[in-house]
Amino acid sequence: MIEESIIKKHTVLSEHAAELLQSRQSSTVKPGLSLSQYLYKIGSGFYSLLKGMKLTGSYFVNPGKIVTQPYPENRETLKMFPRFRGRVIMVHDEDGEHSCTACGLCEKACPNGTISVHATRNIAGRKVLGRYVYRLNQCTQCNLCIEVCPFDAIRMGHDFELAAYDRDSLIFILNNKEGRG
Amino acid sequence: MEINHLQAPPGFTDTAAAEATTEEYYLNMGPQHPGTHGVLRLVLRLDGENVQEVVPHLGYVHRAIEKMAENQTYLQNIHLTDRLDYLSSFMNNLGLCMAIEKGLGIGVPERGEYIRVMLCELQRIQSHLLWWGVLGMDMGAVTAFLYGFKEREMITDIFEEVCGNRLTMNFFRPGGSSADVPDTFLPRVATVIERLKRALDEYQTLLTDNIIFQERTRGIGVLSREKALSYGCTGPVLRGSGVQYDGRKNNPYSIYERFDFEVPVGQGGDSFDRYLVRMEEMAQSIKIVQQAMETFPTGPYRSKEFSKYRIPTGSYFSQVETARGLLGIYMVADGTAKPYRLKYRSPSFSNLSAINEMAVGYKIADLITIISTLDLVIPDIDR
Ligand code: SF4
Ligand code: SF4
């Protein structure tokens, strides 16, 4: 795909590269620098260092310009963006009802078997949701389950700091309001 | 694997010579080494601290993504591409989506294309900022690390607002993206672009103009034009060696041919050239984002969604220029909802294979610089 003209155009450059390589490899016996060259090198190196330190110094005396993240001190007030993907949660209204119909689309959409939808029948004989198992330890926060749900029964929660010591505690039963089975 | 110091470990070319001299020895660099940027293991043949030969050993983070792909639907596969080169996840998403779009013969609405290009270019800047900071830190300048991450955080915040994740985006879908950008997107991008322009000048003062930094990169790790081409290097590594090839310019995809930008090339292929190419690429990406902001259209962000993505039998290829080079995606479809075979040609793998060519004759400290200017992402190599 690289055109011939591009290759031709840069043969000069590769000669330059060969020169560089050679000069470098033969520099095991470096030609000694004269004293003035040596001093100049130290001086110019020091000058460029000072220029950089002038910049860092300007930030030092103007702390207002610095953007810092006060985390974890602000974890109580920290607000995530609306689309933030924490973990999957099931939306419950005031009466503790959810709108999941146990259709199982999210289970099929999930790439790694994170979700298991166990349907059951209510007294009237209609198919309803029994247990909605969500395994956070397998979830890749890919959002596919949320996109596919036709009833918007699940969404991404905004909680962060999801680490735990026990991997069993990462399995949630989402249709329980507390998330535990 | 245990390394016997008398016998050359596998992979070295010059076994007899290695046994003849007593000064040469073998050393493991990695898999746990901060300079290798991940679980990469390099076995070095050293003479004192001069590098004689480098043999990379791969596979520590191999997850068989290409095999997994055969058991996942096309839509599910997009989230696996995030995990190739995790610093270019938007561009990886784009590559797979373009292959799927080719298979289905569907297009992308104008706004969808603009969203794609803007996010990809912002991510190129973000990825280069991380590289710049880490390069500084590898060479002992922790200041660079902190400054690079400061601006990177602003871009990451935009991504978090747009798609909810900071690293593994899974945002683009065949025919567009999974959601529209929020109203705050354009103003936020404008702020970041303004800040970045000033930041690039700061970076110049901090690192580029620093004589000590230049002494440690000029003439180090020279990769000639021919070698870069024959190893299949792409991206800034190839351009640093003087080949003006960029997938966005020479093989334009999406709507890149509408934007006016330059492809920077290096002179001699040393570490400093690769450095300058990446610094200039950031400036060029800023230019592209600015042009896109001026003509950002309204309208739909995604063409019609399918309930099931079944791709007709055939093979499809697409390629994107990620922050590290060319990512090629070869997809064989058999008419079902899952690919028959999905092959990724990852840029970091080819770039790494040139390491022996670049490192021989330099010191170990220079090897760290060389690895850093190759900008390797290990999960991209192993897949
Ligand atoms: S976010 Fe992705 S991985 Fe997690 S449960 Fe939903 S579909 Fe599965
Ligand atoms: S959460 Fe939505 S997609 Fe999943 S079973 Fe319930 S209704 Fe169906």
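Quick look at the numbers
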{"read-out": "Candidate set from the range A:71-119 (those that are open to solvent by 70 Å² or more (accessible area, probe 1.4 Å), under 17 Å from A:Y132 (Cβ atoms) and away from every other protein chain (no Cβ under 14 Å)); member that is nearest to ligand 1 (Cβ to nearest atom)", "value": "A:H118"}
{"read-out": "Hey, B:F261 surrounded by fewer than 24 Cβ atoms within 10 Å (Cβ to Cβ) and over 20 Å from the mean Cα position of the chain (by Cα) or not", "value": "no"}
{"read-out": "Residue within the range A:150-162 that is within 10 Å of ligand 1 (Cβ to nearest atom) and in a helix (DSSP H, G or I) present", "value": "no"}
{"read-out": "Any hit, the range A:10-32, residues being more than 30 Å from B:P264 (Cβ to Cβ), hydrophobic (A, V, I, L, M, F, W, C) and modelled with pLDDT of 80 or more", "value": "no"}
{"read-out": "Given (1) surrounded by fewer than 20 Cβ atoms within 10 Å (Cβ to Cβ); (2) in a strand (DSSP E or B), number of the condition B:V320 does not satisfy", "value": "(1)"}
{"read-out": "Matching option when the condition is β-branched (V, I, T) and touching a Gly at 6+ places or on another chain (Cβ under 7 Å), among A:V117, A:V91, A:V148, A:V128", "value": "A:V117"}
{"read-out": "Residue in the range A:122-135 that is within 10 Å of ligand 2 (Cβ to nearest atom) and touching a Cys at 6+ places or on another chain (Cβ under 7 Å) present", "value": "yes"}
{"read-out": "Residue count for the range B:136-177, restricted to those that are in contact (Cβ under 8 Å) with a residue 60 or more places away in the chain and open to solvent by 20 Å² or more (accessible area, probe 1.4 Å)", "value": "6"}
{"read-out": "Criterion violated by B:N250 - all others in (1) more than 13 Å from every other protein chain (Cβ to nearest Cβ); (2) under 21 Å from the mean Cα position of the chain (by Cα); (3) open to solvent by 20 Å² or more (accessible area, probe 1.4 Å) satisfied", "value": "(1)"}
{"read-out": "Subset tally (residues that are closer than 22 Å to B:I78 by Cα, within 11 Å of ligand 2 (Cβ to nearest atom) and assigned to a loop (DSSP other than H, G, I, E, B)) for the range A:80-121", "value": "2"}
{"read-out": "Among the candidates A:N143, A:N137, residue that is within 12 Å of ligand 1 (Cβ to nearest atom) and within 14 Å of another protein chain (Cβ to nearest Cβ)", "value": "A:N143"}
{"read-out": "Members of the range A:131-145 found to be assigned to a loop (DSSP other than H, G, I, E, B) and touching a Gly at 6+ places or on another chain (Cβ under 8 Å), listed by number", "value": "A:Q138, A:Q141, A:N143"}
{"read-out": "Residue count, the range B:86-140 (criterion: charged (D, E, K, R) and in contact with a Leu (Cβ under 7 Å, 6 or more places away or on another chain))", "value": "1"}
{"read-out": "Residues satisfying the stated conditions in the range A:163-181, i.e. outside any loop (DSSP other than H, G, I, E, B) and within 15 Å of ligand 1 (Cβ to nearest atom)", "value": "A:L170, A:I171, A:F172, A:I173"}
{"read-out": "Yes/no for B:Y309 being assigned to a loop (DSSP other than H, G, I, E, B), of a type in the set (S, T, Y) and closer than 30 Å to B:D334 by Cβ", "value": "yes"}
{"read-out": "Filter result (more than 9 Å from every other protein chain (Cβ to nearest Cβ) and free of Cβ contacts under 8 Å to residues at least 12 places away in the same chain) within the range B:205-244", "value": "B:S230"}
{"read-out": "Residue under evaluation A:N62, criteria (1) within 11 Å of ligand 2 (Cβ to nearest atom); (2) within 14 Å of another protein chain (Cβ to nearest Cβ); (3) more than 27 Å from B:F159 (Cβ to Cβ), criterion not met", "value": "(1)"}
{"read-out": "Residue under evaluation B:V162, criteria (1) more than 10 Å from chain A (Cβ to nearest Cβ); (2) in a helix (DSSP H, G or I); (3) of a type in the set (V, I, T), criterion not met", "value": "(1)"}
{"read-out": "Of residues in the range A:146-171 being within 13 Å of ligand 2 (Cβ to nearest atom) and more than 13 Å from chain B (Cβ to nearest Cβ), the one nearest to A:E73 (Cα to Cα)", "value": "A:I154"}
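The values are calculated or read from the model by the stated rules, or taken from the named source; none is laboratory data. Note that this is a predicted model, so its numbers are computed, not measured. No Cβ is skipped: glycine too gets one built from the backbone with ideal geometry, and neighbour counts run over all protein chains shown. Just so you know, the surface numbers come from the protein's heavy atoms only, side chains and all, with ligands and any DNA or RNA stripped out. Shrake-Rupley method; radii C 1.70, N 1.55, O 1.52, S 1.80 Å.
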